[in-house]
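Undergrad: Once you've had a glance at the structure underneath, I'll fire off some questions.
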Amino acid sequence: PLFTGRIDRVDSDGKLNYNLIDYKSTAGQLTNWGSWAKNSSLQLALYVQAIELGLTTLPPGPVINAVYYVARDFNRKKGFMSKDANDLAPVGVVPGSGITDVQRDKLADDINLRTNEIIAGIQTGTFAPIPQDLQTCPTCHWRQLCRAPHLS
């Protein structure tokens, strides 16, 4: 299967370590890395894997920080930041966003598993708009367009 996407910004420390930044206009439902697989928040994690696996024009290398940058309040608190010292985390490690190499590897495994589940569902025709948590529907920006059965 072919996936496409656009990575907003990647900084490097010159030693092939990367800082990935995805710009957002509002914080909305952004979360730290610990809930990405469970909530199917795959975008940033897939961008990390694309860089690390050499699927971009960049030389492959570890993404030691991957954060959302919220333009409204200049916030970089959601995502992950390496707990090891690095020159690419200008704000330092924010509580809840710190990650070790072992945790980053586990995150990649969890994201791969979740992505494969989604792809298998799409291949079998199972991709109905059924949210994982109905409590989020009243605040979802897509509720006016959503075809979920409970919104009809």
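Undergrad: So, in the chain, how many Lys pairs have Cα atoms under 22 Å apart, if the pair is 8 or more places apart or on different chains?
TA: Step by step, the pairs that qualify in the chain add up to 10.
Undergrad: Counting only residues 5 or more places away or on other chains, whose amide H sits under 5 Å from the amide H of Val94 once H atoms are built in the peptide plane?
TA: Long-range HN contacts for Val94: none found.
Undergrad: Net charge around Ile64, counting only other residues with Cβ within less than 11 Å of its Cβ (Lys, Arg = +1; Asp, Glu = -1)?
TA: Summing Lys/Arg as +1 and Asp/Glu as -1 gives -3.
Undergrad: Calculated FRET efficiency, Leu145 and Thr57, Cβ-Cβ r, R0 35 Å, to nearest 0.05?
TA: About 0.55, to the nearest 0.05.
Undergrad: Mind checking the full-extension length gain between Val102 and Thr136? Use 0.36 nm per residue of separation minus the Cα-Cα distance, one decimal, nm.
TA: 9.1 nm
Undergrad: Only Cα pairs under 8 Å and at least 6 apart count here; give the relative contact order of segment 1-149 as a rounded whole percent.
TA: With pairs under 8 Å counted, the relative contact order is 21 percent.
Undergrad: Still on this structure, I have one more. Report, by chain and number, residues whose modeled amide H sits under 5 Å from the one on Asp22, excluding near sequence neighbours (fewer than 5 apart, same chain).
TA: Distant-sequence amide H within range of Asp22: Val67, Tyr68, Tyr69.
Undergrad: Same structure again: Helix 101-123 versus the longest principal axis of the chain: what is the Cα-based angle in degrees, 0 to 90, to the nearest 10?
TA: For 101-123 against the chain, the angle is about 30 degrees.
Undergrad: Same structure, new question: Once phi is turned into ³J(HN,Hα) by the Karplus curve 6.51 cos²θ - 1.76 cosθ + 1.60 with θ = phi - 60°, what whole-Hz value does each residue of segment 36-46 show in order, with x for glycine and proline?
TA: The phi angles translate into 4, 5, 4, 8, 6, 8, 9, 3, 5, 5, 5 Hz.
Undergrad: If I model a spin label as a point 7 Å beyond the Cα along the Cα-Cβ vector, how far apart are those points for Tyr69 and Asn112 in nm?
TA: 3.0
Undergrad: In whole percent, what relative contact order does segment 1-76 give with Cα contacts below 8 Å and a gap of six or more residues?
TA: Taking the mean separation of contacting Cα pairs over the length of segment 1-76, I get 36 percent.
Undergrad: I need the chymotrypsin sites (Phe, Trp or Tyr not before Pro) found in segment 1-95, filtered to DSSP loop residues with at most 10 other beta carbons within 10 Å of theirs.
TA: Listed in order of number, the matching sites are Phe3, Phe74.
Undergrad: Further question: Select one label from (i) 16.4, 53; (ii) 19.1, 68; (iii) 17.3, 69: the one whose number is Rg and Dmax of the Cα atoms in Å as derived from the coordinates shown.
TA: Checking each listed value against the structure points to (i).
Each reported figure results from applying straightforward, stated rules to the coordinates on display, with no laboratory input. Bear in mind the structure is a predicted one, so any value in this text is a computation, not a measurement. Positions of Cβ are generated from backbone atoms using ideal geometry, with glycine treated the same way; all protein chains shown enter the neighbour counts.
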